[in-house]
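K.L.:
Right, I'll just put the structure down here and ask away after.
The values are calculated or read from the model by the stated rules, or taken from the named source; none is laboratory data. Bear in mind the structure is a predicted one, so any value in this text is a computation, not a measurement. Neighbour counts run over all protein chains shown; Cβ positions are idealised from the backbone, glycine included.
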Amino acid sequence: MNKVEFSQAVKTYKSMVRKAILDVAPSLSYDDVDDLEQDVWTKAWAAADSFDPDKAKIQTWLYTTAQNMTKDWLKTQNRRPELVPEALFQSEDEDGCAVPYYDQFGGDPGADPMLMLEAEQEQDRLGICVGQMPAREQQVWELCFEQELSATEAAGIMGLTPSTVRTLVQRIRERVDVS
C-alpha cells in the first residue's frame with residue numbers, strides 16, 4: 001500500500017476505527033481515544049506492506065486491529081471502562097438533599113445501576129469468551145453479532161461461503177449461549 005492509498009484509507013475509515021475503539025471501551029476519554037486511534041494508524045502504516053487484501057478486506061483488518069489494540073491498551077493500563085461512576089450514588093440537589101439514583105438517569109427507575117453493572121459483567125464474560133475464539137470466529141462475531149450483517153454479507157467481506165459463515169455462527173452460539 002503506497003502513501004496515497006494509505007491516506008485514502010485513513011479518510012475513508014477514520015470514523016470506523018474510532019467506533020471500533022469505542023465499541024470496546026465506550027467510556028474512554030476523548031484524549032485516550034485519539035491516542036489509540038493514532039496508534040492504530042501507526043501500526044497499520046507499519047504493517048501496510050504485509051497486508052494481504054486476498055485474506056481480508058481493509059475495513060475488517062482495521063476494525064480488528066483497533067479492537068485488539070484497545071483491549072491490549074486496557075490491559076496495560078490495568079483498568080476497565082467504568083459503566084457506573086461512583087459519583088452517581090452520591091448526588092445532592094441545590095438544597096443538599098440526596099437525589100435518588102434514578103432521577104440522575106432522567107427519572108427512569110428502570111435505569112438501575114445494579115442492572116447496568118450486571119449487563120457490564122455479562123459483556124465482560126462475552127468479551128473473554130470472544131477473545132478466546134480463533135481469529136476467524138472473532139471476525140464472524142464482529143460482523144454477524146455486533147455489526148448485524150447477514151451471513152451472505154459477512155461471507156462477502158471474509159471471502160467465505162455463506163454456509164461456512166452460518167456454520168461458524170452456530171458454533172459461536174453454542175460456545176457463548178447467544179440466541
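K.L.:
Any residue at all in segment 36-48 that is surrounded by 10 or more Cβ atoms within 10 Å (Cβ to Cβ), among the aromatic types (Phe, Trp, Tyr) and modelled with pLDDT under 85?
P.N.:
No - not one qualifying residue is present in segment 36-48.
K.L.:
Does segment 138-146 contain any residue that is modelled with pLDDT under 85 and either surrounded by 15 or more Cβ atoms within 10 Å (Cβ to Cβ) or outside any helix (DSSP H, G or I) (or both)?
P.N.:
So far as segment 138-146 goes, yes, one or more of its residues are modelled with pLDDT under 85 and either surrounded by 15 or more Cβ atoms within 10 Å (Cβ to Cβ) or outside any helix (DSSP H, G or I) (or both).
K.L.:
Sticking with this one: Among the residues of segment 89-106, is any modelled with pLDDT of 55 or more and either in contact with a Pro (Cβ under 7 Å, 6 or more places away or on another chain) or surrounded by 14 or more Cβ atoms within 10 Å (Cβ to Cβ) (or both)?
P.N.:
No, the conditions are met nowhere in segment 89-106.
K.L.:
Among the residues of segment 153-179, what is the count of those that are outside any helix (DSSP H, G or I), hydroxyl-bearing (Ser, Thr, Tyr) and at pLDDT 90 or above?
P.N.:
Going through segment 153-179 one residue at a time, the tally reaches 1.
K.L.:
Only one residue in 30, 13 is surrounded by 17 or more Cβ atoms within 10 Å (Cβ to Cβ) and in the same structural domain as residue 59 (by TED's automatic domain parsing). Which one?
P.N.:
Only one candidate passes the filter, namely 13.
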